[in-house]
Amino acid sequence: MILSGKEILSRIGDDIDIDPFDPDRLNPNSYNLTLHDELIVYEEVVLDMAKANRVRRITIPEEGLVLSPNQLYLGRTTERTVTHNLVPQIEGRSSIGRLGLFVHVTAGFGDVGFAGYWTLEMFAVQPVRIYPNTQICQIIYHELTGPVEEYSSKYQHNHDIQPSLLFEELDPNRENDPQMPLNFGLERSHG
């Protein structure tokens with residue numbers, strides 16, 4: 001069962017935290033989240049699941065940034081969310097989809113207990129200009145049945161865009177340095 005907008009509002013501060021929260025972005029059965037002003041792109045020609053791939057940071061200027069087809073852009077929501085006792089899910093808004101912009105490739109579902117910013121896996125069908133602070137996606141909340149074990153994995157309590165950390169699963173003996181993926185190969189670009 002999906003929560004209605006009124007039910008989402010009634011659970012703010014209890015099972016649901018959205019920071020910042022704007023009641024004007026509440027829909028009949030979802031809440032619109034906005035795009036932060038930075039993206040990252042992978043710099044590797046071939047991405048390797050077993051290692052931290054180099055990334056480059058791009059700032060989205062106020063006048064917008066054109067996304068190219070056949071390029072994966074990782075972004076994040078401006079809002080930090082925390083969810084208890086519910087399953088959060090993000091989906092692109094229909095107005096965004098009608099421009100041929102996907103906001104997630106496969107990772108639309110969150111886990112019960114997730115706390116952090118949503119990393120967006122953005123992919124454009126054709127060139128499209130995006131702008132910071134655009135209402136880019138919507139978060140939906142599903143009721144959950146059965147005993148709950150809250151999420152406590154590698155993306156929990158993130159503070160930035162999260163590139164893939166799959167390499168941590170593939171090499172369990174790796175020295176655990178949570179800052180390495182964020183600092184590894186990051187360079188700032190404005191365009």
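Quick note: the coordinates plus some simple rules give every number you see, no bench work behind them. Note that the structure is a prediction, hence the values are computed from the model and not measured.
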Identified option (computed Cα extents along the principal axes in Å; candidates [x] 47, 41, 23; [y] 69, 41, 22; [z] 45, 44, 24): [z]
Relative contact order, percent, the chain [alpha-carbon distance under 8 Å, six or more residues apart]: 30
Residues whose placed amide H lies under 5 Å from that of Leu67, excluding near-sequence neighbours: Val128, Arg129, Ile130
Taking N as its residue count, the alpha carbon Rg of segment 1-87 over 2.2 N^0.38 Å: 1.43
